[in-house]
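Asker: Once you've had a glance at the structure underneath, I'll fire off some questions.
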Amino acid sequence: MNPQQLTLGAALLWATLGGCAKTPAVERGDAAPATAPVYEAMAAGVLPPYRSVPNLRGVITSIGASTTTNLVARASTQFRRIYPDVRLQVTAGLTSIGPPALLEGRADIVPMSRPLTAEEIRDFRAKYGYPPTEIKVAADALAVYVEKRNPLTGLTLAQLERIFAAAPPGPAIETWGQVGLTGDWADRRINLYGYGPEDGVNQVFRQLVLGGAEYRLAMLIEPAGSSIVQGVAADPTGIGCASIFFLSRRVRAVPLAVAEPPFYEPTPENVNAGTYPLIRHLFICVNRPPHLPSRAPAAEFLRFLLSREGQEVVASEGNIRLDAGTVAQGREALDRL
């Protein structure tokens, strides 16, 4: 995927054409560090409303993963309605473009579809003397897609490993009959669709399902989640993994279990309950020197995302809002920005 340059105004046009959500009401007043009652409310499962600050202006440069950048663009349309003098400049592409931009100081915020790797954190610490700050801004279910007429009722992670891994711990699963389908399906070979190695979903799935092992060479590499889903939709024998964000009417998401039934669907309720086994978070990473308070536009944008109104934006277009405890962790980090 070629990086795309966007402005906040372009993001606003995108939202207008796509049908943006109603502008959330915000509380006005000078922002201050979260008080004890705010954290008590979050402990009770209630997200705090956003409190705007006066005279905020400037430019936020964002470079990072296209999946999380999609969320950033949606949130920016609402953010600019609160702060018309703040502009967002966006470069979106593979997850791998973000960490170097953060390291080199070319980005104020870096949207990520996976956590930073140990090597990326090590390189950043070596240059700055402290680690980068990673803020969770949304949850996501990695859905395993099949064509909508496929009668498969569910899969375990062990079965997924035997389907996708180049050298699984047990016999490789190569036909649909090996996962219980009968009749005409029994002898049909399973065709695999997936991301390339630089993508965050490829890396998360590899760790959660394959234990860090290699994918089968037969997997067809696609450049984006939408093309993985389109490939499966056109192939009755296909299977692929992508964010639940890309669910369409021509495919269905297979219920999953860790080791044995019951199987769980990739719903927001099952993600927040922790019963669906393939969960990841979407992050925004920033360079935060310790003990250096800041009211910069980038920090304020993150505060908006971790508010009641910001999480409404998260949930409005297919992402999954965070639970109150995770929001509290992010706000505690932001209170030091």
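The values are calculated or read from the model by the stated rules, or taken from the named source; none is laboratory data. Nothing here was measured: the structure is a model prediction, and the numbers come from that model. Cβ sites come from the backbone with ideal geometry, for glycine too, and all protein chains shown count toward neighbours.
Asker: Against the definition (of a type in the set (Phe, Trp, Tyr), modelled with pLDDT of 95 or more and in a helix (DSSP H, G or I)), how does PHE245 come out, yes or no?
Answerer: no
Asker: Which of (1) modelled with pLDDT of 95 or more; (2) surrounded by 18 or more Cβ atoms within 10 Å (Cβ to Cβ); (3) touching a Ser or Thr at 6+ places or on another chain (Cβ under 6 Å) is the odd one out, the single condition ASN191 does not satisfy?
Answerer: Unmet for ASN191, out of (1) modelled with pLDDT of 95 or more; (2) surrounded by 18 or more Cβ atoms within 10 Å (Cβ to Cβ); (3) touching a Ser or Thr at 6+ places or on another chain (Cβ under 6 Å): (2).
Asker: Being at pLDDT 90 or above, under 24 Å from THR326 (Cβ atoms) and among the hydroxyl-bearing types (Ser, Thr, Tyr) is the filter here, so list the residues in the stretch 32-76 that pass it.
Answerer: TYR50, SER52, SER62, THR68, THR69, SER76
Asker: What helices (runs of 4 or more DSSP H) completely inside the stretch 147-235 contain at least 3 residues that are farther than 17 Å from VAL251 by Cα and in contact with a Lys or Arg (Cβ under 6 Å, 6 or more places away or on another chain)?
Answerer: Answer list for the stretch 147-235: 200-208.
Asker: Follow-up question, since we're still on this one. One residue is enough: does the stretch 243-260 have a residue meeting the conditions out of contact with any His (no Cβ under 9 Å at 6 or more places or on another chain) and on the phi > 0 side of the Ramachandran plot?
Answerer: Checking the stretch 243-260: not a single residue is out of contact with any His (no Cβ under 9 Å at 6 or more places or on another chain) and on the phi > 0 side of the Ramachandran plot.
Asker: Would you be able to tell me the number of residues in the stretch 254-276 that are of a type in the set (A, V, I, L, M), crowded, with 17+ Cβ neighbours inside 10 Å and over 10 Å from ILE320 (Cβ atoms)?
Answerer: Residues flagged as of a type in the set (A, V, I, L, M), crowded, with 17+ Cβ neighbours inside 10 Å and over 10 Å from ILE320 (Cβ atoms) within the stretch 254-276 amount to 3.
Asker: Still on this structure, please answer the following. Being in the same structural domain as THR267 (by TED's automatic domain parsing), of a type outside the set (Val, Ile, Thr) and on the phi > 0 side of the Ramachandran plot is true for just one of GLY105, GLY170, GLY180. Which residue is that?
Answerer: Just a single option satisfies the conditions, and that option is GLY180.
Asker: Here is a further query. Any residue in the stretch 132-147 that is more than 25 Å from LEU282 (Cα to Cα) and touching a helix residue (DSSP H, G or I) at 6+ places or on another chain (Cβ under 9 Å)?
Answerer: yes
Asker: Kindly indicate whether ALA143 is at pLDDT below 95 and part of a strand (DSSP E or B).
Answerer: No, not satisfied.
Asker: Can you tell which of GLU312, GLU300, GLU317 is over 24 Å from GLU265 (Cβ atoms), touching a residue at least 12 places away in the same chain (Cβ under 8 Å) and among the acidic types (Asp, Glu)?
Answerer: None of the other options fit; the residue is GLU300.
Asker: Inside the stretch 163-182, can you point out the residues that are crowded, with 19+ Cβ neighbours inside 10 Å and closer than 15 Å to ILE239 by Cα?
Answerer: ILE163, PHE164, ALA165, ILE173, TRP176, VAL179
Asker: Which members of the stretch 207-233 meet the condition of being closer than 20 Å to THR156 by Cβ and touching a strand residue (DSSP E or B) at 6+ places or on another chain (Cβ under 7 Å)?
Answerer: LEU210, ALA213, TYR215, ARG216, MET219, VAL232
Asker: Okay, moving on. Residue under question is ALA126, and the condition is that it be farther than 22 Å from VAL327 by Cβ and either assigned to a strand (DSSP E or B) or in the same structural domain as PRO268 (by TED's automatic domain parsing) (or both); does it hold?
Answerer: So ALA126 does not fit the description; no.
Asker: To continue, here is another question. Output the residues belonging to the stretch 62-115 that are assigned to a loop (DSSP other than H, G, I, E, B) and under 15 Å from the mean Cα position of the chain (by Cα).
Answerer: Passing the criteria: LEU94, SER113, ARG114, PRO115.
Asker: Mind checking whether some residue in the stretch 109-117 is modelled with pLDDT under 95 and surrounded by fewer than 17 Cβ atoms within 10 Å (Cβ to Cβ)?
Answerer: Taking every residue of the stretch 109-117 in turn, at least one turns out to be modelled with pLDDT under 95 and surrounded by fewer than 17 Cβ atoms within 10 Å (Cβ to Cβ).
Asker: Also: For the structure I just gave you, tell me whether GLN230 is surrounded by 18 or more Cβ atoms within 10 Å (Cβ to Cβ), of a type outside the set (A, V, I, L, M, F, W, C) and within 26 Å of ILE97 (Cβ to Cβ).
Answerer: yes
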